[in-house]
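None of the figures in this text is laboratory data; all of them are computed from the coordinates on show. Since this is a predicted model, take the numbers as computed values, not measurements. Here the Cβ positions follow ideal geometry from the backbone for every residue, glycine too, while neighbour counts run over all protein chains shown.
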Ligand SMILES: Cc1ncc(C[n+]2csc(CCOP(=O)(O)OP(=O)(O)O)c2C)c(N)n1
Ligand code: SF4
């Protein structure tokens, strides 16, 4: 996909998202790829909240707000229904937050991949439960403070590796992306849409409100995440992982941490330890 | 005595910590999240444990687990989360695992109106989990009472080995009021076995129906089972008498202690023609309305239900026999009014004033209804 091929049509617009919200942007770009022949399942979270204040109705395609735990299960139901009606041309898309994916929704996601119906599951990963006031999720990175892991009480746990988790289900296609690399993200959405089975894309979406940075810096923050190695752009296809983008210049992780408030309580030693961990990482998918 | 300005949710945490709660497992949901956030901040310093779980099903299960491990345990949630907890609340009833569940009600059904208040869960609190089971449900009308009833909920849970539900709502949870906190509160611990492990019968009720509870890991080997069981904790198999005995004991251990469990507050009950029955945040409006009605010469009284379940049927029936009408004020489509009608059993008229649009039921609306009743009686 090239920039000039990107559709000018806006099928998601005028939401109540915070200024600089990258989650909303991810949804906008997704719809530019998939077009109006799509239906969405959205669980509780920022997207369902900022899309649901009358008279604003930002979705220009059908969508259903599903129970928080149930996004992927609903995708199976819709997809099976379309199959029965011979309408497999319609994109069946789940768009869930990190909490809605890696915590409360992981059982439904696991079950749905196992069911094997055709759907695109997009996890917009802002690394915490933002809609309810920035609580920790299973995708909050080590070291980040939230309202349930305040100050130095951050959880001594790594971010769950959802890509590996879905890959281990034998999913036909899965990828990670970052909003700051829009063409890479959109190309992955396009690829997923052509696969006749379950697919999963996790897109990192910096959140000014929850991470603590100015609203005009979301794209910059995403780039820093990738350049520092805190986030990687990967694909899982035909049973193998590969990297879709390797930054030319590596950035120290300290720079990324300093650009936002949620890592403020980390000591220089802790930052160094994180840097060492990043530097020692092997090829994607290796343990 | 210390004086503090607290929200209802904060008062709940204060009450829980002072009555010995040392374990909290929960999951964020508006308008209850402050309880989890406050627990996360404060429990570690008290040697307690806060865990944020992956959902509410897990939160409730972890609370039951911690209770079996010997800790006073609590969780807090709202609407959708309360629905997800229901199976495990039933488990806690059957295991007789003491614990407290706080539900800060919001407008439903389903996701509903997350930041708006309601009292739509009064029946879910009673009957949300399946099967014949008893329930203790308390509902505070102020910040102070959020503190007091949390203490009471923890103590009742321990004393009677049962889950206790504290039914707050978005108004009380977020209201800030001045509260005088006592230097200490009564603290009740669950009965623990005095006999040697070999003689321990985990589900033998004893004189007050409450079996002593051995903490896991103290040398008592027992089945804490959710299957219908006999006194030893083994499945009843074909023993119908044992099954019936268990259910009867689960109920009677609560109903035989009504005097400790059932709390109400009456105002001008002796001197009323019409009594407003209200609970939780709405009782504040009801009191204001009743005062205004009396100043207009209407003989009105207030019966505030502090305990919703077990339902104070006897009291309602007595009041109904003395007066002409009961007016039930609530923020739902009329849930408790049916229960009041049943208890009054035709002895008095039963009227309803209900609001279910996420807006607070205001004193004026209750007053208007009282005037409507007066006109009807002319
Ligand atoms: C069963 C249930 N539990 C809790 C909630 C409350 N809730 C609504 S949105 C939300 C946070 C969602 O977080 P995430 O999935 O990470 O998405 P984000 O808000 O960050 O976009 C929570 C906890 C709910 N709606 N339903
Ligand atoms: S809190 Fe974050 S994710 Fe939610 S709307 Fe605001 S910027 Fe977007």
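Work out the FRET efficiency for residue A:278 and residue A:195 from their Cβ-Cβ distance, taking R0 = 41 Å, and round it to the nearest 0.05.
My answer for the efficiency is 0.85.
Counting only DSSP beta bridges with both residues in chain B, tell me the antiparallel percent, nearest 5.
25 percent
In degrees between 0 and 90, to the nearest 10, how far off the longest principal axis of chain B does helix B:363-377 point, with axes built from Cα atoms?
60 degrees
How much of the DSSP beta bridge set in the stretch A:13-280 is antiparallel, as a percent to the nearest 5?
Given both bridge residues lie in the stretch A:13-280, the antiparallel proportion sits at roughly 25 percent.
Against the longest alpha carbon principal axis of chain A, how many degrees, from 0 to 90 and to the nearest 10, is the axis of helix A:22-34 turned?
30 degrees
So how much slack lies between residue B:247 and residue B:215, counting 0.36 nm per residue of separation and subtracting their Cα-Cα distance, in nm?
Full-extension gain reported as 9.2 nm.
Where in the stretch B:243-271 does the amide nitrogen come within less than 19 Å of the point 7 Å from the Cα of residue B:299, taken along Cα to Cβ?
B:266-271
With a point put 7 Å past each Cα toward its Cβ, work out how far residue B:258 is from residue B:226 in nm, to one decimal.
A separation of 3.2 nm, rounded to one decimal place.
If you rank A:169, B:199, B:229 by fewest surrounding Cβ atoms within 10 Å, what's the result?
Listed from fewest to most nearby Cβ atoms, that is B:199, A:169, B:229.
Between the alpha-carbon centers of the stretch B:174-237 and the stretch A:11-32, tell me the distance in whole angstrom.
52 Å
Run the quick spin-label model on residue B:236 and residue A:246: label points 7 Å from Cα toward the beta carbon, then report their separation in nm to one decimal.
6.8 nm
Taking R0 as 41 Å, what FRET efficiency do you get between residue B:199 and residue B:177 from their Cβ-Cβ distance, rounded to the nearest 0.05?
Between residue B:199 and residue B:177 the formula returns 0.25.
Return the whole-Å distance between the Cα centroid of the stretch B:1-68 and the Cα centroid of the stretch A:142-172.
Rounded to whole Å, the Cα centres lie 22 Å apart.
Using a 10 Å cut-off around each Cβ, can you sort B:141, A:231, B:268 from fewest to most neighbouring Cβ atoms?
So the residues, fewest neighbours to most, are B:268, A:231, B:141.
How far apart, in nm, are two points set 7 Å out from the Cα along the Cα-to-Cβ line at residue A:216 and at residue B:314?
Placing both labels 7 Å beyond Cα along the Cβ direction yields 7.2 nm.
Calculate the mean, over all residues of peptide A:150-161, of how many other protein chain Cβ atoms lie within 10 angstrom of the residue's Cβ.
1
If I take R0 = 22 Å and measure r between the Cβ atoms of residue B:5 and residue B:364 in this structure, what FRET efficiency does the formula 1/(1 + (r/R0)^6) give, to the nearest 0.05?
According to the calculation, E is roughly 0.20.
Can you tell which of A:205, A:24, A:65 shows the greatest fluctuation in a Gaussian network model of chain A with Cα springs below 10 Å?
The residue that fluctuates most here is A:65.
Report the gain in length on full extension from residue B:113 to residue B:345: 0.36 nm times residue separation, minus Cα-Cα distance, nm rounded to one decimal.
Result for the pair: 80.0 nm of gain on full extension.
Quick one: among A:62, A:43, A:252, which has the greatest mean-square fluctuation in a GNM of chain A with alpha-carbon springs under 10 angstrom?
Evaluated over chain A, the most mobile residue of the options is A:62.
Compare A:106, A:195, A:120 in a GNM of chain A, Cα atoms joined below 10 Å, and give the one with the largest fluctuation.
Result: A:195 has the largest fluctuation of those listed.
Restricting the count to DSSP beta bridges whose residues both fall in the stretch B:2-181, what percent are antiparallel, rounded to a multiple of 5?
Bridges in the stretch B:2-181 that DSSP calls antiparallel: roughly 25 percent.
I'd like the orientation of helix A:218-227 relative to chain A: the angle between its Cα long axis and the longest Cα principal axis, in ° from 0 to 90, rounded to 10.
Helix A:218-227 and the main axis of chain A meet at about 70 degrees.
Express in nm, to one decimal, how much length is gained between residue A:169 and residue A:83 on full extension, taking 0.36 nm for each residue of separation and deducting their alpha carbon distance.
28.7 nm
Roughly speaking, what is the centre-to-centre gap between the stretch B:264-338 and the stretch A:223-257 when only Cα atoms are used, to the nearest Å?
64 Å
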